[in-house]
1. How do B:HIS29, B:HIS100 stack up against each other in accessible area, from largest to smallest, with a 1.4 angstrom probe?
2. Quick check: from the Cα gyration tensor, does the range A:25-65 come out rounded (a/c under 1.5), prolate or oblate?
3. For B:LYS9, give me every one of the lysines with a C-alpha distance below 30 angstrom, ignoring sequence neighbours fewer than eight places off in its own chain.
4. What does the charge dipole of chain B about its Cα centre add up to, to the nearest 20 debye, if the Cβ of each Lys and Arg holds +1 and the Cβ of each Asp and Glu holds -1?
5. If I model a spin label as a point 7 Å beyond the Cα along the Cα-Cβ vector, how far apart are those points for A:ARG54 and A:LYS110 in nm?
6. With only alpha-carbon pairs counted, each pair once and no self-pairs, how large is the Kirkwood hydrodynamic radius of chain B in angstroms?
7. How many angstrom separate the Cα center of the range A:5-72 from the Cα center of the range B:93-110?
8. Roughly what % of DSSP beta bridges within the protein assembly as shown run antiparallel, to the nearest 5?
Amino acid sequence: SQQGEEDPQALSIQEGENATMNCSYKTSINNLQWYRQNSGRGLVHLILIRSNEREKHSGRLRVTLDTSKKSSSLLITASRAADTASYFCAGQGGSQGNLIFGKGTKLSVKP
Amino acid sequence: NAGVTQTPKFQVLKTGQSMTLQCAQDMNHNSMYWYRQDPGMGLRLIYYSASEGTTDKGEVPNGYNVSRLNKREFSLRLESAAPSQTSVYFCASSANQPQHFGDGTRLSIL
């Protein structure tokens with residue numbers, strides 16, 4: 001079963017605009033991670049936020065986590081055409097600590 | 001530094017054939033994972049290996065077997081391929097978190 005559900009499923013914006021993707025998850029987590037997948041490639045880790053953190057920044061990325069609502073958001077500021085990709089959230093929790101992925105948001109940034 | 005290498009990149013099989021997907025990592029990670037990704041879906045865990053010599057089932061293990069050959073290598077075997085196993089297969093490794101992924105094996109079963 002999927003842990004996370006991303007919203008929206010697809011997002012199309014112009015270069016320079018901000019992109020916001022949301023993720024909801026079902027069970028308790030130790031941390032929540034965001035990954036990017038370019039077409040035909042593997043996933044690349046972007047950022048990890050721990051369950052005791054509320055917000056984290058990395059370059060143009062800003063991630064928030066609300067454990068009471070079991071939700072997270074990923075904000076990409078000043079988007080670029082190179083940001084075009086699918087973005088996945090993944091919760092890590094449970095005894096084995098394995099990741100459980102959502103279905104992803106497909107972001108298209110038009111030049 | 002290659003990271004996680006998967007072979008082959010593409011494969012077409014007939015129903016009932018067997019095949020082994022290979023994965024190797026050069027980052028000295030203890031944990032390795034096999035996922036499958038179907039259209040419009042996130043990744044689902046097939047099997048994982050927390051350390052050399054151990055393997056455990058993930059969410060969707062039926063129809064698959066794995067071998068952790070050594071610390072570097074973790075293979076996934078389909079003994080009798082079925083059309084439902086048509087998918088993109090990803091191998092990943094980690095020291096703790098995050099996970100590092102290969103570029104996948106695209107497998108079609110006719």
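The values are calculated or read from the model by the stated rules, or taken from the named source; none is laboratory data. Note that this is a predicted model, so its numbers are computed, not measured. Glycine also receives a Cβ, built like all others from the backbone with ideal geometry; neighbour counts cover every protein chain displayed. Keep in mind that these areas ignore ligands, DNA and RNA; they rest on the heavy atoms of the full protein, side chains included. Shrake-Rupley method; radii C 1.70, N 1.55, O 1.52, S 1.80 Å.
1. B:HIS100, B:HIS29
2. Here the range A:25-65 falls in the oblate category.
3. Excluding near neighbours in sequence, the set is A:LYS103, A:LYS106, A:LYS110, B:LYS57, B:LYS71.
4. 160
5. Result: 3.8 nm between the two label points.
6. 13.7
7. The range A:5-72 and the range B:93-110 have Cα centres separated by 20 Å.
8. If we restrict to bridges inside the protein assembly as shown, about 90 percent are antiparallel.
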